[in-house]
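See below for the structure under consideration.
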Amino acid sequence: MNSSFLYQIALTQLNEIGSVTAKSLVAYCGSAEAVFKASKKQLQSIPNIGVVRAEAIFSSKNEALKLAEQEIKFIEKNKLTTLFYTDKNYPKRLLQCSDSPPLLYFKGNANLNADKIISIVGTRRITEYGKEQCEKLVAKLAVFNPLIISGLAYGVDIAAHKAAMKNNLQTVGVVANGMDKMYPAQHIKYIKEMVESGGVLTEYRSGRVADKQNFPQRNRIVAGMCDALIVIETAVKGGAMITATLANSYNREVFALPGKVSDEFSAGCNYLIKSNQAILLENVEDLVKSMLWDVDSKNKITTKQTTLFLELNENEKMVVDLFSKTEQMSIDDLVIESNFSPTKLAALLLEMELKGMVKALPGKTFKIIK
């Protein structure tokens, strides 16, 4: 590993620094290494840092670098991949979230920027109804070859992972601990297969156990990485409800499986639907229609050449050409590829949407209409 990894890892170990502040420091200083080489006075001049936080950063630099050196040894020994938020392979959907982790640790072979990503969450006390519906949904989703994400916990999480592997889909478990402290221990037996057909992802360095406060943090990754979040079963209060709220705040589509009004673990799903915080999910077709996914008569993903629009102006033709290799693109990628300003591109995309050329999707993503 080069020296930049050392500083990137150390950045996440500084005192009084969260995800948003870490990225702000890099933005102002220019790199993670520059943060460590900045003077106390320079740190104090950065907005929202101040004297107290600058002192905390400055005084914890040596310890942070020491921890980073130890972590690099663990990473190399266990063949992990580190993903800093400026890396091209960092999950692009997650990058759209302001509180996304600056650094992720990954073991596996999944494409974390797959064309279609579905997160599935719910209660740890899954019922037979929930398990059956989860398995059916994943089996029917298999034709679209989505990456399935969940939290490797008991109940709905592990049911989703197992269903994905059964249907030859890649699946990634987002965990609330370091890679050497897997929780729950009973699910370690599934990790080898998951790494071979997906992977395990965390923002925590080795040695971190799954403390209670880590789970809400983990949930923001599950919510931010997906195109759509499916809630299988949950009580009115619980981690799945937090994840659904986060997904809505990130402009992701949220779907909920309905259940009996008398069932405790359908109460949360029913509430999400009733309060318009989730779309009623009775079958896969509900998700397919909402997400604008297409399947031909042979149950294969439809691949079509981009429709030739009549009387395209020069700017519209440029945008259409950008979709020649992919059906969907994020607004950030479109800005980079087109060299248009965000304001100009937003106005152009709105005009093209009104003409029926493109479709706006959740998560600041656009799809070409074929």
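The values are calculated or read from the model by the stated rules, or taken from the named source; none is laboratory data. Just so you know, these numbers come straight off a predicted model, no measurement behind them. Reconstructed Cβ throughout: ideal geometry from the backbone, glycine too, with neighbour counts over all protein chains shown.
Structure notes:
- Qualifying residues in segment 309-337 (those that are buried (at least 18 other Cβ atoms within 10 Å of the Cβ) and without any contact (Cβ under 8 Å) to a residue 40 or more places away in the chain) - the one farthest from D87 (Cα to Cα): V319
- Residue among M194, M225 that is in contact with a His (Cβ under 8 Å, 6 or more places away or on another chain), in contact (Cβ under 8 Å) with a residue 60 or more places away in the chain and among the aliphatic types (A, V, I, L, M): M194
- The residue that is surrounded by the most Cβ atoms within 10 Å (Cβ to Cβ), counting only those in segment 73-92 that are free of Cβ contacts under 8 Å to residues at least 60 places away in the same chain and not hydroxyl-bearing (S, T, Y), is L83.
- Qualifying residue in segment 36-45 (condition: out of contact with any helix residue (DSSP H, G or I) (no Cβ under 7 Å at 6 or more places or on another chain), among the polar types (S, T, N, Q), assigned to a helix (DSSP H, G or I) and more than 30 Å from I191 (Cα to Cα)): yes
- The residue pairs whose first member lies in segment 124-137 and is free of Cβ contacts under 8 Å to residues at least 60 places away in the same chain and surrounded by fewer than 19 Cβ atoms within 10 Å (Cβ to Cβ), whose second member is in a helix (DSSP H, G or I) and of a type outside the set (A, V, I, L, M), and whose beta carbons are closer than 9 Å, counting only pairs six or more residues apart or on different chains, are R124/D157; R124/G239; E135/K162; E135/K166.
- All told, E63 meets the bar of being of a type in the set (D, E, K, R) and more than 28 Å from the chain's Cα centre (by Cα).
This table checks each residue for (1) at pLDDT 95 or above; (2) within 27 Å of the chain's Cα centre (by Cα).
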position	(1), (2)
K37	no, no
K41	no, no
S45	no, no
F84	yes, yes
K88	no, yes
Q96	no, yes
D99	no, yes
A110	yes, yes
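- Residue within segment 45-57 that is of a type in the set (K, R), under 22 Å from L246 (Cα atoms) and not assigned by TED's automatic domain parsing to the domain that holds R218 present: no
- Residue list for segment 312-337, restricted to those being under 25 Å from the mean Cα position of the chain (by Cα) and part of a helix (DSSP H, G or I): L322, I331, D332, D333, L334, V335, I336, E337
- Checked against (1) at positive phi; (2) surrounded by fewer than 18 Cβ atoms within 10 Å (Cβ to Cβ), G198 passes all but condition (2).
- Residue satisfying all of: in segment 255-285; in a helix (DSSP H, G or I) and within 22 Å of the chain's Cα centre (by Cα); modelled with the lowest pLDDT among these: V284
- K212 basic (K, R), modelled with pLDDT under 95 and either closer than 18 Å to R124 by Cβ or surrounded by 18 or more Cβ atoms within 10 Å (Cβ to Cβ) (or both): yes
- In segment 1-35, the residue that is farthest from T86 (Cα to Cα) out of those that are β-branched (V, I, T) and not in a helix (DSSP H, G or I) is I17.
- Odd one out for R53 among (1) charged (D, E, K, R); (2) without any contact (Cβ under 8 Å) to a residue 40 or more places away in the chain; (3) surrounded by fewer than 18 Cβ atoms within 10 Å (Cβ to Cβ): (3)
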